[in-house]
Structure formats: structure tokens, C-alpha cells
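Asker: Sharing a structure, written as C-alpha cells. Questions coming.
Just so you know, all these numbers are worked out from the coordinates, no wet-lab data involved. Only a predicted model underlies this, so the values are computations on that prediction, with no experimental measurement involved. All Cβ positions, glycine included, derive from the backbone under ideal geometry; neighbour counts span all protein chains shown.
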Amino acid sequence: MNTADRPGRTDPHALTGAYAVHALDPAENDAFEQHLAHCPSCAQEVAEFAATLARLGAAESVPPPPELKRRVLAALPAVRQEAPAVPRPAVRRVGRLARNAPKFALAACLALAAGAGAVAVQEHREADRARDRVAALQQQRDAVAALLTAPDARTATVSADGGTGTVVWSADRGRAGFLAAGLPAPGPGRTYQLWFDDAGTMRPAGLLPAGDGTLLLTGPLNAATGIGVTLEPAGGSAHPSGQPLLLLPFS
């Protein structure tokens, strides 16, 4: 009789799922591998569980960082490959309950694997969003910097609450940009909103969610005589909800 099949020990037929996900301790793992060599049905279940986990991981996989991939490939020549276990004829059969037990273990393992995969995907998506935000900010900075190269470019700066706001505009190009430095943070659920001052009528010109940043104002200059800055709910407003915190004239 195989030592893994002795009375008082965990039924090895119930360990196929745990073995597939490497959840056994060293002693259990060794005993199960001894059993596996004589049980083709368990060998088949282990193979099926491993294939299922591989498909699940592939469905939620993310590309590894290039440096991690390089280190793993460099280490492969030093890793010894273990010889595959050779299944032998089964020595006995077990009841339905024992045979179903690994499937419950597999369900739990798959749930854990799915959760880990979801975390990896979420982190990957957050990294993508961070890269998109950085790219968008760089585009704004480049656009405002390009305005400064216009032959007729002009600027105006005002100070408020320990910070400054600067507007740069070009009548020839019909565009304007805004640079904030050191203004107080808008606070939760709030944002700075820029407005073109059309002879006393404020026209929305974009949102700046922080006290530091650069924004290419949306829309043409037209007959605007300057810009205003107000504090608005996140998402902005159709009309200013209060007096402008900053007013910068085009003069």
C-alpha cells in the first residue's frame, strides 16, 4: 500500500486541485506525487486543472515589464527541469463524494486566481490611465508653449491667495492658454473653471482641477476682452456660480 493511501491521512484523491495550484506543504506534496505515480485518474484531473488555470490566467494576463522578462529568461539556463511523473495503473477507486471533493477545491482556487487576475488587470488599466493623463498634460504644455512662439503672443499675470495665474494669447492664432502656479487646491468635488470674458458675458473655456497646471483654453478668442477664473463643482458649470477669483484682461 502506498504511504499516501494509509488510513488517517488526507485522501490523496481530494488533493488534485490543491496540487495543481501548488497549495500543498512539502510533505503533502511528496506524498501526493508518490500516489500520482500509481493513479492515472488523478494524473488526468491534475492535467485538466492545470490547463483550466492556464486558460484563466491567459484570459486576464498582462505583459510583464521588459526588465522582469529579461531577468527570468537570463535565469532559465540555471534552473533544473524535473522529469515528468509516469502514471501507472490505478490500484483502487473511490466514492463519488471523494471524487467530487477536488472540484470544490478547484472552484476555490479558480476564485482566488480570478481575483488575482482582476487585480493585475486593474493595476494595468490604472497604469494606462496614468500614462494617458501624463500624455494629455504634455499635449497641453506643448500647445501653450507653441502659443508663446506666435509673433504677436502676449501675456498677463495676476496674483491671488499666494499663487499666480498667467494667460498667454495670440490674436493672429485666435487662441489662449492659462498657467496656474501655487493656487490653493480646489478641494473635493470642486474644480477651477476658465471663462472668456465677452464684454461681461462669461463663456466656458475649460477646467483646471488643480492649483498648478497648464490649460489650452477651449474655443476661439473672438471678441473676448480677457479671461476669468471661478471655483465650480467638479464637471464645471454652464454659468459662473460666483464672482471670479482671478480676472486677466487681454491688454
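Asker: Counting other beta carbons within 10 Å of each residue's own, what order do L15, L137, L231, L147 fall into, fewest first? Don't skip to the end; give the middle numbers.
Answerer: On the way: L15 25, L137 13, L231 17, L147 20.
Arranged by neighbour count, lowest to highest, L15, L137, L231, L147 become L137, L231, L147, L15.
Asker: Tell me which residues come under 5 Å, amide H to amide H, from I227 once H is placed; ignore anything under 5 positions away on its chain.
Answerer: D197, L248, F250
Asker: Assign one of three labels to the stretch 143-251, namely rounded, prolate or oblate, based on the Cα gyration tensor with a ≥ b ≥ c the square roots of its eigenvalues; rounded applies when a/c is under 1.5, prolate when it is not and a/b is larger than b/c, and oblate otherwise. Mind dumping the intermediate values first?
Answerer: Working: a/c = 1.78, a/b = 1.38, b/c = 1.29.
Judged from the Cα gyration tensor, the stretch 143-251 comes out prolate (a/c at least 1.5, a/b above b/c).
Asker: Going by amide H atoms built from the backbone, whose H comes under 5 Å of the H on L208, apart from near neighbours?
Answerer: The answer is Y192, Q193, L194.
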